[in-house]
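Asks: What follows is a structure written as structure tokens; I'll ask about it next.
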Amino acid sequence: MRFFQKKMVIPALIVAFLFFLPLFFKGEYYLNMLCTLFLYVILSQSWNILGGYTGQINVGQAAFFGIGALVTRLLWTSGIPFVPALLGGGLSSVILSLLIGIPALRLRGHYFAIGTLSVAWIALITIENIFPGVTFLPGKYVATYSLLPRYYAFLIILLSAVIVISLAVHSRMGLAMESIRDDEEAAQAAGVNIFKYKVIAFAISSFFAGLAGGGFSFFHVSYYWSMPFALMWCFEPILITFIGGVGTIWGPIIGSLCYVALKESFALTMGEINVLIFGAVFIFIILFFPKGIIGIPEKIREHLTKRMGTNVGRDVLGKSQP
Amino acid sequence: MEMGQFITYGVINGAIYALVAIGLGLIMGIMGIFNLAHGSLAMIAAYISLWFFQSWGIDPFLSIPLSMVILFVLGIGIYKGLFSSMKKFSAGQKLRNSMLVSFGLVLVIENLAVLIWTANERRVNTTYSGLAFDFAGLRVPYIGLGTILLAVVVIFGLHAFLKRTFFGRSIWAISQDYQCAKLMGINVDRTMLIAFGIGVGLTAIAGAVISLYTVSPSIGLDWVNKSLILVVLAGVGSIDGILFAGLLLGILESVSAYFVGVHYTGVVSLIIFLLILMFRPQGLFAKKVGR
């Protein structure tokens, strides 16, 4: 378990800092922003285990995020304590992923992508019709609302997501997942049970997406029931993960930092211009820096030591062309 | 007779779906480029014909050649900038990379459109907009009739073009084997470039029809979703199948509107789509398993 020793110093320091931050720092604006940041990290991290490590591009993350938010909100406002309600939200998301995943993961690459997008669309339309209004927290919940429990809830979900996902991808299972991503047929020939690992990755992914949704419903006092199902929740994790660095643990974290910073800096001036910039950056990254921001130092080193490597014409998820 | 009226509207909707999907059928079905931005390009085309109408009063049906030229050039620019580096990829990698790149393009186009034209819904109001005639007791709008005729002509025209001409057959050859097509003396780069330009240019026809109904920057994803359903239903690589798939989808949607209410028609079509994806991924009209 060498993985746990040297590399853990910086993450441990960051975690300790985030844990003690609210004790001596009370700026509500910044704590709110950190909660949003944590939400994006959890969501993109959960996308990454299926999309980045296993190579199955899921364009329907909003369905799993939304179902987690919906179930958690319903359970929690009906009087159940928050933690069981949150776990209920995560579990319902896993159940949905198994219902969808078992047939859908047999589809080939791009069919899986369109299939999951359709699932997200179905979920959005259905929820818009069943719950057309806004959900308000009951009065007694609002009276006791404070930011600190939200902050720590997000932080704990974030930690568990990062720990579980990094344990999973650094194990034998992770190797199997990466082999599926790099070459499905070769992995199958080498005796990897492709379908099993895809389903496991999908279940882990949607569990944490569901928890992120639960956190969302805990964080917001009132929102449209259909809002966590909005298609933007499908796209944001993909943007963030690819910009940060797909198939790495740090990638989604760095990507979310950039995304939230950009979103905040343009929030007051122009509506959605941050998405425009991020879309353009995303195209640029896919074409020229397939490893994301995380891979840029390595790229520079490559340029300095070797002759100019050709970046153009390289597959995004790792495998280079012959 | 009410059912007949529903089916009439279904046929008209289906013709519009087919018109939007036809370009994607060429780009995705034959060239193997998964262009998620196809609907957004149709949205731009619709805004262009709206612009022609508002500035110079040119009827959307008549401005098609003009907007087609604009979109052809735009398509060539997009192919040069974004997709030309993927031409040597294997089929799966090409689909995945082009999907991600075009996904970024969707966000860029949609937000640019909001900046340029604002998020309001608009439409072209011609003198014949609300008019209809009676056909065997059914009410058929003139726009609907024009759409159906246009869809039939365009789709069978493209089908013949791809099957009969040297250029059309060389597109097929390249999509099957890039290296081999090159060895056979086909100018692969130019052919792919022009084929992509044609695929995007075809959205001009769809855009003209869309502009007669509703245009807003957010319609791009809706249309690409419908087009993907059609391309998969028809079977990847089938061009004339798209018309039948469109009519099938349009009729199914309007009949389901009759039974489950207008709010759930989108759900019905998507569920049918998922079932097709799972049980018959080669599509309804393709003879062999698609690549």
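The values are calculated or read from the model by the stated rules, or taken from the named source; none is laboratory data. Note that the structure is predicted; figures quoted are calculated from it, not measured. Every residue, glycine among them, receives a Cβ derived from its backbone with ideal geometry; neighbour counts consider all protein chains shown.
Asks: Looking at the stretch A:68-109 only, could you name the residues that are of a type in the set (A, V, I, L, M), over 19 Å from the mean Cα position of the chain (by Cα), within 28 Å of A:GLU184 (Cβ to Cβ) and not in a loop (DSSP other than H, G, I, E, B)?
Replies: A:LEU99, A:ILE102, A:ALA104
Asks: Let me ask something else about it. Name, by its number, the condition in (1) under 20 Å from B:LEU158 (Cβ atoms); (2) crowded, with 23+ Cβ neighbours inside 10 Å that does not hold for B:ILE70.
Replies: (2)
Asks: When you look at B:SER98, is it within 14 Å of another protein chain (Cβ to nearest Cβ), among the small types (Gly, Ala, Ser) and surrounded by fewer than 22 Cβ atoms within 10 Å (Cβ to Cβ), yes or no?
Replies: Spelling it out, it is not the case that B:SER98 is within 14 Å of another protein chain (Cβ to nearest Cβ), among the small types (Gly, Ala, Ser) and surrounded by fewer than 22 Cβ atoms within 10 Å (Cβ to Cβ).
Asks: If you don't mind, another one. With the structure loaded, tell me whether B:LEU284 is out of contact with any Lys or Arg (no Cβ under 8 Å at 6 or more places or on another chain), more than 14 Å from every other protein chain (Cβ to nearest Cβ), in a loop (DSSP other than H, G, I, E, B) and closer than 24 Å to B:ILE30 by Cβ or whether it fails that test.
Replies: Against the criterion (out of contact with any Lys or Arg (no Cβ under 8 Å at 6 or more places or on another chain), more than 14 Å from every other protein chain (Cβ to nearest Cβ), in a loop (DSSP other than H, G, I, E, B) and closer than 24 Å to B:ILE30 by Cβ), B:LEU284 qualifies.
Asks: Counting only residues that are buried (at least 16 other Cβ atoms within 10 Å of the Cβ) and more than 9 Å from chain B (Cβ to nearest Cβ), how many does the stretch A:101-111 have?
Replies: 2
Asks: Going residue by residue through the stretch A:222-238, is there one that turns out to be within 30 Å of A:PHE25 (Cα to Cα), over 14 Å from the mean Cα position of the chain (by Cα) and surrounded by fewer than 17 Cβ atoms within 10 Å (Cβ to Cβ)?
Replies: The answer is yes; a qualifying residue exists.
Asks: Would you point out the residue of the stretch A:139-148, among those that are without any contact (Cβ under 8 Å) to a residue 24 or more places away in the chain and part of a helix (DSSP H, G or I), that is farthest from the other protein chains (Cβ to nearest Cβ)?
Replies: The qualifying residue farthest from the other protein chains (Cβ to nearest Cβ) is A:ALA143.
So that you can scan it fast, the table gives a plain yes or no per residue for (1) charged (D, E, K, R); (2) touching a residue at least 24 places away in the same chain (Cβ under 8 Å); (3) under 29 Å from A:THR77 (Cβ atoms):
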| site | (1), (2), (3) |
| --- | --- |
| A:GLN188 | no, no, no |
| A:SER205 | no, yes, yes |
| A:PHE208 | no, yes, yes |
| A:ALA212 | no, yes, yes |
| A:SER226 | no, yes, yes |
| A:ILE238 | no, yes, no |
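Asks: Among what's in the stretch B:209-233 and is surrounded by 24 or more Cβ atoms within 10 Å (Cβ to Cβ) and more than 12 Å from the chain's Cα centre (by Cα), pick the residue that is nearest to the other protein chains (Cβ to nearest Cβ).
Replies: Filtering the stretch B:209-233 for residues that are surrounded by 24 or more Cβ atoms within 10 Å (Cβ to Cβ) and more than 12 Å from the chain's Cα centre (by Cα), the one nearest to the other protein chains (Cβ to nearest Cβ) comes out as B:VAL232.
Asks: Looking at B:VAL236, is it within 14 Å of another protein chain (Cβ to nearest Cβ), part of a helix (DSSP H, G or I) and either free of Cβ contacts under 8 Å to residues at least 40 places away in the same chain or buried (at least 21 other Cβ atoms within 10 Å of the Cβ) (or both)?
Replies: It is false that B:VAL236 is within 14 Å of another protein chain (Cβ to nearest Cβ), part of a helix (DSSP H, G or I) and either free of Cβ contacts under 8 Å to residues at least 40 places away in the same chain or buried (at least 21 other Cβ atoms within 10 Å of the Cβ) (or both).
Asks: Another question about this same structure. Collect the residues in the stretch A:42-66 that are closer than 11 Å to A:SER206 by Cα and not in a helix (DSSP H, G or I), keeping them in residue-number order.
Replies: A:ASN58, A:GLY60
Asks: Sticking with this structure for a sec: Examine the stretch B:19-29 for a residue that is under 16 Å from B:GLY146 (Cα atoms), touching a residue at least 12 places away in the same chain (Cβ under 8 Å) and buried (at least 24 other Cβ atoms within 10 Å of the Cβ), and state whether such a residue exists.
Replies: yes
Asks: Here's a follow-up. Return the pair list, or none, for Cβ contacts closer than 9 Å from residues in the stretch B:91-109 that are modelled with pLDDT under 80 to residues that are hydroxyl-bearing (Ser, Thr, Tyr), at least 6 apart or on different chains.
Replies: That search, which allows pairs on different chains as well, returns B:ALA91/B:SER175.
Asks: Can you pull out the residues in the stretch A:116-138 that are loosely packed, with under 12 Cβ neighbours inside 10 Å and either facing chain B (nearest Cβ under 9 Å) or at positive phi (or both)?
Replies: Those that are loosely packed, with under 12 Cβ neighbours inside 10 Å and either facing chain B (nearest Cβ under 9 Å) or at positive phi (or both): none in the stretch A:116-138.
Asks: Looking at B:ALA245, is it touching a residue at least 60 places away in the same chain (Cβ under 8 Å), more than 14 Å from chain A (Cβ to nearest Cβ) and under 9 Å from the mean Cα position of the chain (by Cα)?
Replies: No, not satisfied.
Asks: Does the stretch B:101-115 hold any residues that are touching a Phe, Trp or Tyr at 6+ places or on another chain (Cβ under 8 Å), more than 7 Å from chain A (Cβ to nearest Cβ) and more than 13 Å from A:VAL59 (Cβ to Cβ), and which are they?
Replies: B:ALA113
Asks: Consider the stretch A:153-206. How many of its residues are polar (S, T, N, Q), more than 30 Å from A:PHE20 (Cβ to Cβ) and assigned to a helix (DSSP H, G or I)?
Replies: Here the count works out to 4.
Asks: May I ask you to list the residues in the stretch A:291-305 that are in contact (Cβ under 8 Å) with a residue 12 or more places away in the chain and either loosely packed, with under 13 Cβ neighbours inside 10 Å or not β-branched (Val, Ile, Thr) (or both)?
Replies: Scanning the stretch A:291-305 gives A:LYS291, A:GLY292, A:GLY295, A:LYS299.
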